[in-house]
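Worksheet: the structure to be examined is printed underneath.
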Amino acid sequence: AQHAWDEGWAFYHGPDDSNHDYDGCGPYATAAKRGGNFGTGDATNIATLAAMNAGLTALQNEDMQGVVDARDEVLKNIVIVYSQASVRYASKMTDDLAAGDTADYDKHQAEGHAFYRVIEAYVAEYTSICYNMVSHTVSSDSSQASCEAYMYLENYTSPNDPSGEEFTGCYNSVTHAQHEGMSEEECEAFGWYANYYNDKILEIFDLKNDGDATADYEADIRSYLQPVWDAFGITAEDIGTLQ
């Protein structure tokens, strides 16, 4: 296990020979470049190295929780790096469309697509939404179970308090949230859309998509990735500001 952990760092760091054909292609070099683009410096590489060292020590001490914590920290920083990359190339796409440069648009779209695919398998599950087709709003429900648990009640009283106040409105049997006065039509219009924002990101980076000159792709990607960042404990400072 310790040897495999060391190999993980080798794959992350990549070649360290300036004359090597693939020098600069590993995640370590990508992280350094994106840190420069977003004003975050070497923060992700420093954090990843510290986590890799901590994980190795945990393996040596047979500390499973320590290994899991180190793994999660490594993954968090990889998500930061490739989120930055996705945001950067989305921004370039917007600039390319404004300049009428379809060749650069196609190139930057392909690069953005490749960068996002690196983290897609780890982040897609955090991009699902509970959407109401009547109010056209996204609810705060974070699971399919709660999203599908809305029911309309009319003049309802609790069996435990039959003489209590009647309730008419929308009730969620999982979260026990009550929306008094919500119409039956709206109450029954909640639906779970798995990987919704992930699909929206892939639409932007779809190579068949010729783009929308009125769109702000950087803002869109940031918005679609926000639930992912929340899930991983990634802050706005971690992502930084595109320079």
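Taking a Cβ cut-off of under 12 Å around Gln65, the surrounding Lys, Arg, Asp and Glu residues balance to a net charge of -3, with basic ones at +1 and acidic ones at -1. Which of these values of log10 I(q)/I(0) by the Debye sum over Cα atoms at q = 0.10, 0.17, 0.18 Å⁻¹ was calculated from the structure shown: (1) -0.71, -1.14, -1.20; (2) -0.64, -1.21, -1.28; (3) -0.56, -1.23, -1.30? For log10 I(q)/I(0) by the Debye sum over Cα atoms at q = 0.10, 0.17, 0.18 Å⁻¹, the calculated option is (2). Across the chain, the mean sequence separation of Cα contacts (distance under 8 Å, 6 or more residues apart), normalised by length, yields a relative contact order of 21 percent.
A simple rule links phi to the HN-Hα coupling: the Karplus curve 6.51 cos²θ - 1.76 cosθ + 1.60 with θ = phi - 60°, which for segment 53-59 gives 5, 5, x, 5, 4, 5, 5 Hz, with x for Gly and Pro. Ranked by how many other Cβ atoms sit within 10 Å of their own Cβ, fewest first, the residues Cys187, Cys25 fall in the order Cys25, Cys187. All distinct Cα pairs of segment 18-160 go into the 1/r average, and the inverse of that average, the Kirkwood radius, is 19.1 Å. The distance from the alpha carbon centre of segment 121-155 to that of segment 168-243 is 11 Å, rounded to a whole number.
Within segment 132-217, the GluC sites (Glu not before Pro) that combine a DSSP coil assignment with at most 13 other C-beta atoms in a 10 angstrom radius are Glu165, Glu166.
The dipole here belongs to the chain: it is taken about the Cα centre, uses +1 on the Cβ of Lys and Arg and -1 on the Cβ of Asp and Glu, and is about 660 debye. Farthest toward the positive end of the dipole of the chain, out of Val68, Asn132, Gln226, is the Cα of Val68, where the dipole comes from beta carbon charges about the Cα centre. Each semi-axis of the equivalent ellipsoid for segment 129-193 is √(5λ) with λ an eigenvalue of the Cα gyration tensor; in descending order they amount to 23, 13, 7 Å.
Just so you know, all these numbers are worked out from the coordinates, no wet-lab data involved. Computed from a predicted structure; not experimentally measured. All Cβ positions, even for glycine, are placed from backbone atoms using ideal geometry, and neighbour counts span all protein chains on display.
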